[in-house]
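So the structure is just underneath, and the comments pick up after that.
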Amino acid sequence: MNKVLLFLEKYLAAAFVSLVGITWKYNLQTPQPKEKVIYTFWHRNMIPLMYLHRGENIVILASSSKDGELIAGPAKLFGYKIARGSSGRKGSSGTRELIRYATENSIGITPDGPKGPPEKIKDGVTFLSYFTKLPIVPIAVDIKSETVLKSWDKFRIPHFFSKINVTYGTPVCVENKIEMENKKLLLQNNLEELTIKNIVR
């Protein structure tokens, strides 16, 4: 995809989400955290959360590939800061940049991105919590009316006037390296349970 198409995509995607998003009816099941945190959610839920948290001084991770630019471009227009690179242990480029941003910003991360497996947490988020000392807050999203794409993650786009339930889970802190694996399993269980409880009636 060339630079002209990426430029057009950025503005067209942001305009579309703004047009549809203004009609969405969010129902927050739990209060949104007021302190700096690491928001953690499945990759397929990116669009409704990007609109909900626009302008909140949040940093998100996008890969350095052209696919990453498809997300990074519109996200910038919604007021997000972008860390580019891969996630994982402290030595990876994306993680190093997120650690620098964490002194002043909350972080948003999709622990199953950018390529899956879907809805399975990888190590990056627990390493990030340990090195930034920020708590991880899992977020569950359910959408009443939506289009689900035929992508690896079954990416979701809410319809006009859709009802959207959002639940912020109990913060999980990673105090030391020994507990990283257990905290990863805890987050996996928390997100699965939140998703079940969060269904729009």
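Nothing in this text is a laboratory measurement; each read-out follows from the coordinates by a stated rule. Bear in mind the structure is a predicted one, so any value in this text is a computation, not a measurement. Note: ideal-geometry Cβ built from the backbone for every residue, glycine included; neighbour counts use all protein chains shown.
Here the sum of -39500 (n - 2.57) over DSSP H runs of 4 or more residues, divided by the residues of the chain, equals -11500 deg cm²/dmol at 222 nm, to the nearest 500. Taking the number of Cβ atoms within 10 Å of each Cβ as an exposure proxy, the fewest-first ranking of Thr30, Thr126 is Thr30, Thr126. Can you tell me the FRET efficiency between Lys154 and Lys115 if r is taken as the Cβ-Cβ distance and R0 is 22 Å, rounded to the nearest 0.05? Efficiency for this residue pair is about 0.95. For region 115-126, 3J(HN,Hα) computed residue by residue from phi via the Karplus equation (6.51, -1.76, 1.60; θ = phi - 60°) reads 10, x, x, x, 6, 10, 6, 9, 5, x, 5, 6 Hz, glycine and proline entered as x. If you take all other residues with their beta carbon under 12 Å from the beta carbon of Glu56, and give Lys and Arg +1 and Asp and Glu -1, the sum is +4. Backbone geometry of region 170-180 corresponds, through the Karplus equation with coefficients 6.51, -1.76 and 1.60 at θ = phi - 60°, to 3J(HN,Hα) couplings of 5, x, 10, 9, 10, 7, 8, 5, 4, 8, 4 Hz, x marking Gly and Pro. Going through the cross-link list Lys81/Lys120; Lys76/Lys133; Lys10/Lys120; Lys34/Lys81; Lys81/Lys144; Lys36/Lys183, which pairs have a Cα-Cα distance over 23 Å in this structure? Long pairs (Cα-Cα over 23 Å): Lys81/Lys120; Lys76/Lys133; Lys10/Lys120; Lys81/Lys144.
Working note: Karplus 6.51/-1.76/1.60 with θ = phi - 60° gives region 131-138 the couplings 7, 8, 6, 9, x, 8, 10, x Hz, where Gly and Pro are set to x. Distance distribution note for region 3-197: the fraction of Cα pairs above 24 angstrom is 35%. Residues Phe41, Phe127, Phe160, Phe155, arranged from fewest to most other Cβ atoms within 10 angstrom of their Cβ, appear as Phe160, Phe155, Phe127, Phe41. Counting neighbouring beta carbons within 10 Å and listing from fewest to most, the residues Trp42, Trp24 come out as Trp24, Trp42. If the chain between Lys177 and Thr103 were fully stretched, how many nm would it gain, using 0.36 nm times the residue separation less the Cα-Cα distance? Gain on stretching Lys177 to Thr103: 24.6 nm.
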